[in-house]
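There's a structure below that I have some questions on.
Only the coordinates and a few stated rules stand behind these numbers; no lab work does. Note that this is a predicted model, so its numbers are computed, not measured. Ideal geometry is used to build each Cβ from the backbone, glycine not excepted, and the neighbour counts take in all protein chains shown.
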Amino acid sequence: MNYFVTGGTGFIGRFLVSRLLKRQDAVVYLLCREASKNKFDDLMDELGANDHQLIPIFGDISQESLVSAADLKKLTGKIDHVFHLAAIYDMNMSDATGEAINNQGTRNVVNFVNQLGGKVRLHHMSSIAVAGTEWEGVFKESMFDEGQTLNHPYYRSKFTSEKIVREETKVPYRIYRPGMVVGDSETGFMDKIDGPYYFFKTIQRIRDNVPKWLPLLGINGGQMPLCPVDYVADAMDYIAHKDGLDGKAFCLVQNPAPTVGEMMKILFAAAHGPEFAKNFDIPDVRMPSSAKALFHKFTESNLAATLSKVIGAPISTLTYVTNKFEFDDKNAQAALAGSGISCPRLETYAEKLWEYWEWSLDSGSFMTGKALEMVDGKTVLITGASSGIGLTVAKKLGQAGARVLLVARGVEKLEQTAEMIRKIGGEAYIYPCDLNNLQAIDALAQQVLADHGTIDILINNAGRSIRRAVVESLDRFHDFERTMQLNYFGSIRLIMGLLPSMQAANKGQIINISSIGCLANAPRFAAYVASKSALDAFSRCLSAEIHQFNINITTIYMPLVRTPMIAPTKMYDYVPTFTPDQAANLIIKAIVSKPKRIKTPLGQTAEISYALWPKINDAVLSLGFKLFPSSAAARGAKDEKPSAAAIVMANVLQGQHW
């Protein structure tokens with residue numbers, strides 16, 4: 001089977017091409033511009049294809065001839081399916097751009113297909129945008145030109161390009177209308193901020209600044225016709241090869257689609273943010289046609305473009321909040337019957353989308369100041385680098401030009417982290433290692449020194465925390481052993497393995513992530529605090545010994561941070577915490593200023609208070625011990641929310657471990 005694909009290196013295109021190549025004896029001819037040959041090469045590497053399976057055809061949809069005469073002759077009579085996916089999708093686009101690329105480009109593809117001969121079939125990637133944003137009721141797959149209002153250049157171009165296919169194609173054709181395409185439902189992979197992703201930064205800010213126990217109020221709003229990219233590619237590939245479906249359109253969406261309110265509730269849950277107490281309906285206020293015309297003119301103005309940058313989303317996308325449309329997908333469901341292919345519901349993959357966005361697309365995590373220029377070219381080893389604090393600081397240092405060595409147990413997450421850093425121009429290497437195993441740590445130290453010569457900065461971030469009272473641990477001595485093994489023995493073993501190279505280089509820095517509990521003597525954390533205190537004492541003694549070699553040691557007494565390590569303790573959903581970004585900034589401060597110790601104001605106060613009034617401290621901490629019960633696992637009970645008094649105490653003493 002021979003295929004010709006336009007837009008094959010694009011987001012949906014690369015997913016579709018990967019599926020076509022899995023078909024027996026498949027050969028894919030991919031249209032690409034000479035200037036974009038590197039994108040083709042990257043796609044070939046990504047898919048593991050050879051030059052007999054994936055073949056470049058140089059041309060451009062904006063050119064009337066599309067391809068050279070020689071290539072047209074070579075392809076005539078040999079192509080079974082043409083997939084036209086190339087288009088400009090930009091909610092800030094102009095009519096001129098839409099006409100030149102989306103409309104004339106489609107016409108050029110149609111003319112090309114009409115010349116191919118044989119049994120070729122055209123598959124056109126359209127969009128639900130053909131319905132406009134003001135349609136009320138159900139827009140069926142059988143509908144097309146219904147007199148709908150098309151008040152944006154993008155919607156106009158998608159309508160016109162589909163019309164060109166319907167009226168000018170002389171061969172069998174099929175039309176696909178995906179909704180708001182989001183990332184892969186299995187991996188979360190997405191290539192840009194679009195659709196519901198415009199909400200993600202706001203969700204993150206609310207999560208980081210609003211206590212989880214505080215219920216939110218929202219709106220129900222209109223439907224959000226979502227679909228993950230893997231569903232679009234799977235459905236398109238299957239439907240394209242099924243008989244008897246020519247001339248039909250197929251809507252590819254989740255049905256029924258979630259409302260704005262339902263979508264926000266799902267995304268807040270994926271982000272581990274506050275819950276919604278209630279969603280309200282938006283009053284049905286009919287806007288006069290004159291007011292609508294003014295609004296549509298405004299959305300295309302320079303002022304609207306400026307405002308869209310401020311709010312982080314194109315003004316035109318706000319129309320979805322109050323839309324009154326639904327999309328019928330009966331054709332698609334009938335065509336896919338028995339295939340096992342269906343559009344998954346958002347709640348089943350929202351966490352994948354959120355995790356990928358926060359790791360790979362959240363530009364705020366990459367923000368660095370001029371002070372960080374000092375790490376450019378330096379080699380930094382970070383333990384616990386595949387999540388939480390370690391992941392976030394790795395992003396920052398990688399973008400600032402550091403050579404980042406990532407250490408953790410899980411290979412898959414390490415590879416994801418390294419790839420993310422490389423995509424933003426950083427240099428990253430992965431070293432899977434179980435830091436509970438002293439021999440594995442020795443091998444790690446030997447390998448990184450063999451690979452990189454020396455380590456400029458070591459960040460001992462990996463750790464284990466156990467929240468359990470001593471009286472509840474009398475038969476769990478292993479908790480103390482394994483906590484000490486990772487937090488203390490693992491850390492000093494790595495320090496001792498790398499220290500000789502730092503001495504030889506006459507420079508270096510060791511940063512140990514300790515805990516506010518070492519200053520505040522947090523109850524229920526005896527195992528954890530003891531292990532971190534041991535590392536603290538070791539470092540204080542070592543510091544004087546290595547001062548002569550220009551090696552600095554910094555201990556950071558980290559407050560409670562919302563990371564996967566504290567996720568099992570559901571009570572922490574209701575207390576204020578540091579974000580991984582705030583915690584990473586403390587590490588940045590350590591790198592730039594090289595202080596001996598870094599404490600939060602609460603940590604400093606707790607240390608002084610305990611030195612001066614230890615009995616008063618015991619009384620306060622005892623109150624906290626009573627207010628914050630042991631975990632459900634320790635008590636053999638169900639999780640429960642902390643009391644109002646406990647929440648007040650947690651907000652007064654922010655960052656303390658309870």
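What ranking do 199-207, 550-558, 457-465, 49-57 get when scored by the average of other Cβ atoms within 10 Å per residue, highest first? Write out the running numbers ahead of the final one.
Values: 199-207: 16.8, 550-558: 22.7, 457-465: 25.2, 49-57: 15.2.
Ranked by mean Cβ neighbours within 10 Å, highest first: 457-465, 550-558, 199-207, 49-57.
Kindly state, to the nearest 0.05, the FRET efficiency for ASN38 paired with HIS547, given R0 = 51 Å and r defined as their beta-carbon distance.
E between ASN38 and HIS547, to the nearest 0.05, is 0.55.
In whole Hz and in residue order, list the ³J(HN,Hα) couplings for the range 171-179 that follow from phi through the Karplus curve 6.51 cos²θ - 1.76 cosθ + 1.60, θ = phi - 60°; x for Gly and Pro.
10, x, 9, 9, 10, 10, 10, x, x
To continue, here is another question. Give the residues of the range 505-519 whose amide nitrogen is closer than 17 Å to a point set 7 Å from the Cα of SER609 in the direction of its Cβ.
516-519
Let me ask something else about it. Once amide H atoms are built 1.01 Å from N in the peptide plane, which residues 5 or more positions from LYS248, or in another chain, come under 5 Å H to H?
ILE175
Distances over 38 Å make up what percent of all Cα-Cα pairs in the range 2-354?
Everything past 38 Å amounts to 18 percent.
On to the next question. Going by amide H atoms built from the backbone, whose H comes under 5 Å of the H on ARG403, apart from near neighbours?
Under 5 Å from the amide H of ARG403 lie the amide H atoms of GLY377, LYS378, THR379, VAL380, each far enough along the sequence or on another chain.
Here is a further query. Going by amide H atoms built from the backbone, whose H comes under 5 Å of the H on ASN220, apart from near neighbours?
PHE280, ASP281, ILE282
Let me check I have the definition right: for the range 139-291, take the eigenvalues of the Cα gyration tensor, multiply each by 5, take square roots. What are those semi-axes in whole Å, largest first?
Values: eigenvalues 240, 91, 34 Å².
Calculated on Cα positions only, the semi-axes equal 35, 21, 13 Å.
Still on this structure, please answer the following. Rounded to the nearest 5, what is the percent of antiparallel bridges among the DSSP beta bridges in the range 2-354?
In the range 2-354, DSSP labels about 5 percent of beta bridges as antiparallel.
List VAL28, VAL182 from most exposed to least, where exposure is judged by having the fewest other Cβ atoms within 10 Å. If you can, show how the numbers build up before the last one.
Numbers: VAL28 23, VAL182 26.
Lowest count first: VAL28, VAL182.
Assuming R0 = 30 Å, what is the FRET efficiency of VAL471 and ALA619, from their Cβ-Cβ distance, to the nearest 0.05?
Once rounded, the FRET efficiency stands at 0.95.
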